[in-house]
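Student: Please read through the structure below; I'll follow up with questions.
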Amino acid sequence: MSFSEKLITAYFSKTVKTGKIRVTFAFGRQETYGDGSEDLIAVRFANNKMQRQLILNPDLKIGEGYMDGDLVIEKGNIFDFLSLMARNGNRKHSLARFRGGVFAFPLDDFPTYSC
């Protein structure tokens, strides 16, 4: 298991308590997190580079990875994924911190953002 897989696994294990998400890592290993109380959301990292980039700069790389096809939503959609993560996260702690924060989403009570 790569270092990036270990960090991402630790993050999802700690954060996702409700709902259900399956993560497929770049080398094919799959992990499922959550209590299964909601429909499955499945995401896949198309390459190991995406996993590393996500750890180093999550605010930017979630959107870029999705748009570039490096973060693939296999079941559900990007809104489902972001909603699940926001529902499970503690906004005061910005969704856990691993080297700058894995998946530190900038969501607040008025999630209106533009590009």
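Please treat every number below as a calculation from the coordinates, not as lab data. Since the model is a prediction, treat every value here as computed from it, not as a measurement.
Student: Would you kindly state how much longer the chain becomes between Thr18 and Ser2 on full extension, computed as 0.36 nm times their sequence separation minus their alpha carbon distance, in nm to one decimal?
Tutor: The Thr18-Ser2 span can extend by a further 3.1 nm.
Student: Taking Lys14 as the anchor, which aspartates and glutamates have their alpha carbon closer than 15 Å to its alpha carbon, excluding any fewer than eight residues away along the same chain?
Tutor: Glu5, Glu31, Asp35
Student: Then there's this: Got the relative contact order for region 3-93 handy, in percent, Cα pairs under 8 Å and 6 or more residues apart?
Tutor: Taking the mean separation of contacting Cα pairs over the length of region 3-93, I get 27 percent.
Student: Output wanted: per-residue J couplings in Hz (rounded whole) for region 16-33, from phi through Karplus 6.51 cos²θ - 1.76 cosθ + 1.60, θ = phi - 60°, x for Gly and Pro.
Tutor: Result, rounded to whole Hz: 7, 9, 10, x, 8, 9, 10, 10, 9, 7, 4, 9, x, 5, 10, 9, 10, 10.
Student: What percent does the relative contact order of region 34-81 come to when contacts are Cα pairs within less than 8 Å and at least six residues apart?
Tutor: So the answer I get is 51 percent.
Student: With the Cα gyration tensor of region 1-69 giving a ≥ b ≥ c as the square roots of its eigenvalues, does the rule (a/c under 1.5 for rounded; else a/b larger than b/c for prolate; else oblate) give rounded, prolate or oblate?
Tutor: Cα axes put region 1-69 in the prolate bin.
Student: Convert each backbone phi in region 64-81 into a coupling constant with the Karplus relation 6.51 cos²θ - 1.76 cosθ + 1.60 (shift: θ = phi - 60°), then list the ³J(HN,Hα) values in order as whole Hz, x for Gly and Pro.
Tutor: 4, x, 5, 5, 7, x, 8, 10, 9, 8, 8, 9, x, 9, 4, 5, 4, 4
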